[in-house]
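Colleague: Quick one: the structure is below, questions incoming.
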Amino acid sequence: DYAADVENYRKETAEKLASNEKLEADFNARIANEKADAREDYNKKIAALDQKDNYMKKKMADYKPEGKDKWIAFKEGFNKDMDALGQDWKNLTTKKDK
């Protein structure tokens, strides 16, 4: 039960991170015709979010199941970080439309 929860959560996390990659690709296409300085600013923000994505991927990949209590604590913290990261991507990619 607990091991299955870990594996399912890994899959869910991978899907969320893949969604971030799609947001990035779509956003890059939208900003392709922006002025160079605006693109440079966006690219810096994208690079920072990519770094966070990579950190989260590594954190999940490096997680070693150590018992249900530790898993629950890990998952709660990880969910909070993933939600914040997802919101950061949405804020960046929807800002242009406002």
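The values are calculated or read from the model by the stated rules, or taken from the named source; none is laboratory data. Owing to the predicted nature of the structure, the values given are computational and were not obtained by experimental measurement. Here the Cβ is made from the backbone with ideal geometry for all residues, glycine too, and neighbour counts use every protein chain on show. Heavy atoms of the whole protein, side chains included, go into the accessibility calculation; ligands, DNA and RNA do not. Shrake-Rupley method; radii C 1.70, N 1.55, O 1.52, S 1.80 Å.
Colleague: Quick one: would you say Tyr55 is surrounded by 12 or more Cβ atoms within 10 Å (Cβ to Cβ), touching a residue at least 24 places away in the same chain (Cβ under 8 Å), of a type outside the set (S, T, N, Q) and part of a helix (DSSP H, G or I)? Steps first, please.
Modeller: Details: surrounded by 12 or more Cβ atoms within 10 Å (Cβ to Cβ): yes; touching a residue at least 24 places away in the same chain (Cβ under 8 Å): no; of a type outside the set (S, T, N, Q): yes; part of a helix (DSSP H, G or I): yes.
Spelling it out, it is not the case that Tyr55 is surrounded by 12 or more Cβ atoms within 10 Å (Cβ to Cβ), touching a residue at least 24 places away in the same chain (Cβ under 8 Å), of a type outside the set (S, T, N, Q) and part of a helix (DSSP H, G or I).
Yes/no per residue for (1) of a type in the set (Asp, Glu); (2) loosely packed, with under 12 Cβ neighbours inside 10 Å:
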| position | (1), (2) |
| --- | --- |
| Tyr9 | no, no |
| Leu17 | no, no |
| Asp26 | yes, yes |
| Arg30 | no, no |
| Lys35 | no, yes |
| Glu40 | yes, yes |
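Colleague: Please specify each residue of the range 42-52 satisfying the condition of being touching a residue at least 24 places away in the same chain (Cβ under 8 Å) and either open to solvent by 90 Å² or more (accessible area, probe 1.4 Å) or charged (D, E, K, R) (or both). Lay out the reasoning, then the answer.
Modeller: Looking only at the range 42-52, we keep the residues that are touching a residue at least 24 places away in the same chain (Cβ under 8 Å), and these are 42, 45-46, 49-50, 52.
Within the range 42-52, Lys45, Asp50, Lys52 meet the criteria.
Colleague: Could you grab the pairs with beta carbons closer than 9 Å, sequence gap of 6+ or different chains, first residue in the range 70-87 and over 18 Å from Ile46 (Cβ atoms), second one of a type in the set (A, V, I, L, M, F, W, C) and surrounded by fewer than 16 Cβ atoms within 10 Å (Cβ to Cβ)?
Modeller: none
Colleague: Within the range 63-84, work out how many residues are open to solvent by 80 Å² or more (accessible area, probe 1.4 Å) and part of a helix (DSSP H, G or I). It would help to see each step written out before you state the result.
Modeller: Step one: filter the range 63-84 for residues open to solvent by 80 Å² or more (accessible area, probe 1.4 Å), giving 64, 66, 68-70, 76, 80, 83.
Remaining after also requiring part of a helix (DSSP H, G or I): 68-70, 76, 80, 83.
The total comes to 6.
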